[in-house]
Amino acid sequence: MAYIIAEAGVNHNGSLDFALTMIREAAAAGADAIKFQTFKADQLVSKHAAKADYQKQTTDAAESQLDMIRKLELSSEEHAVIIEECRRVGITFMSTPFDLPSLQLLTGTYKLQTLKISSGDITNLPLLYCAGRSGADVILSTGICTLGEIEEALGALAFAYIDQDDVPSVESFRAAYFSDAGQDALRRHVTLLHCTTDYPTASEDVHLNKMVTIRQAFGLRTGYSDHTIGTEISVAAVALGAVVIEKHFTLDKSMEGPDHKASMEPEELALMVRQIRNVERAMGIAVKIPAASELRNATAARKSVVAARSITAGETFTEANLTLKRPGNGLPPSAYWKLLGQTADRAYEPDDLIR
């Protein structure tokens, strides 16, 4: 089954109470995990960084990105409370580290076994290297990038996972990526998510076929990080083989903040989970044999060879006196041509099954 991640991100607006409520709502909706963002604002954003266009539309345009981010930072102590609440309600805690101290907090202090790395850090090879060195599995989003950039990112992870003695470099990463040991490590540890880094993403910009391309290119588990409005694109991604679905989640889309408007409220998240699980059940097996539930309808739905009119004993079967009608509990239609020219061994009334 697809692993469904409710992306809380920074939609808690810096409030621990909001974060705890989101955890409970995500668990009630049936999500497998809820994911936050872990960062030190001063290490993530410089004072010169402008906001993204979508952030300007959903927050104070005059405010700097750094000032916006500072208000959304969660402390180490708040992380501990959040992790305990996740444990209490039975949902997996996940987070995205955006800087090296935050990565160390998640893997060192809180012993996370899986990290989500954002599309914005797919070219951040030092962060990817340290993520791999931690031994944690990595779910890597691939927005705003090419296959070549994904390959470079995977090289850094492969090098880190196989514990090479070489000095980290683009060249050593490339060698690790092409090694059997590196490829085996990637298959064991890495999942790639197709993603379009736009909030919200228009349907025509999704290009779900790119997820298939990524899976074919790298031979790794693939999924989809969904920034569209609605549920149908995530459901379609599962039908195309996504093993992970990540969807932004909020308590209220009307709240102020950068990501709320492109997020799902609790009832929408619950609907998406139900739809995905229904589609997974509907995918079923690949072998084309009748389902047990339809076998009981075979007799009523199929046809048999019957008398088209009265037939006397000894009369020759012809196209004029034979036809095909329901039910299907007599000779099958495939016997029609074999009967033509044969002699009736008894009399038949119209609609009698030919025996």
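None of the figures in this text is laboratory data; all of them are computed from the coordinates on show. Keep in mind that this is a model prediction, so the values were computed, not measured. As a convention, Cβ positions derive from the backbone with ideal geometry for all residues, glycine included, and neighbour counts pool all protein chains shown.
Worth pointing out:
- The distance separating the Cα centre of segment 280-322 from that of segment 192-268 comes to 45 Å.
- Among F178, F249, F317, F18, sorting on how many other beta-carbon atoms sit within 10 Å of each Cβ, with the fewest leading, yields F178, F18, F317, F249.
- Axis angle, to the nearest 10 degrees, between helix 266-283 and the longest C-alpha principal axis of the chain: 40 degrees.
- From least to most packed, judged by other beta carbons within 10 angstrom and beginning with the fewest, C145, C195 follow the order C145, C195.
- Where only DSSP H runs of four or more residues are counted, the chain gives -11000 deg cm²/dmol as its mean residue ellipticity at 222 nm, each run worth -39500 (n - 2.57).
- Against the main long axis of the alpha-carbon atoms of the chain, helix 147-161 sits at an angle near 70°.
- Note that the chain shows a convex hull volume over its alpha carbon atoms of 190 Å³ per residue.
- 21 Å Cα-Cα threshold exceeded, pairs from K116/K247; K47/K247; K40/K261; K40/K111; K111/K247: K47/K247; K40/K261; K111/K247
- Proximal lysines to K338, defined as alpha-carbon separation beneath 20 angstrom and excluding residues fewer than eight positions away on the same chain: K303, K325
- As a length-normalised measure over Cα pairs under 8 Å and 6 or more apart, the relative contact order of the chain settles at 15 percent.
- Across segment 171-221, the relative contact order, built from alpha-carbon pairs under 8 Å that are at least six residues apart, equals 41 percent.
- Placing +1 on the Cβ of every Lys and Arg and -1 on the Cβ of every Asp and Glu, with nothing else charged, gives segment 292-339 a dipole about its Cα centre of roughly 160 debye.
- 0 to 90° range, to nearest 10: angle between helix 16-29 axis and the chain longest Cα axis: 10
- Antiparallel bridge percentage (DSSP; both residues within the chain; nearest 5): 20
- Relative contact order for segment 292-339, counting Cα pairs under 8 Å that sit 6 or more residues apart, in percent: 46
- In a reduced charge model with +1 at each Lys and Arg Cβ and -1 at each Asp and Glu Cβ, the chain shows a dipole moment near 1640 debye about its Cα centre.
- Estimated FRET transfer efficiency when R0 is 25 angstrom, pair T323-A298 (beta carbons, to 0.05): 0.80
- Placing unit charges on the Cβ atoms only, positive for Lys and Arg and negative for Asp and Glu, gives segment 201-355 a dipole magnitude near 840 debye about its Cα centre.
- Residues whose amide H lies under 5 Å from that of L140, counting only those 5 or more places away or on a different chain, are I117, T191, L192, L193; hydrogens are built 1.01 Å from N in the peptide plane.
- By the count of neighbouring beta-carbon atoms within 10 Å, fewest first, R215, R24 end up ordered R24, R215.
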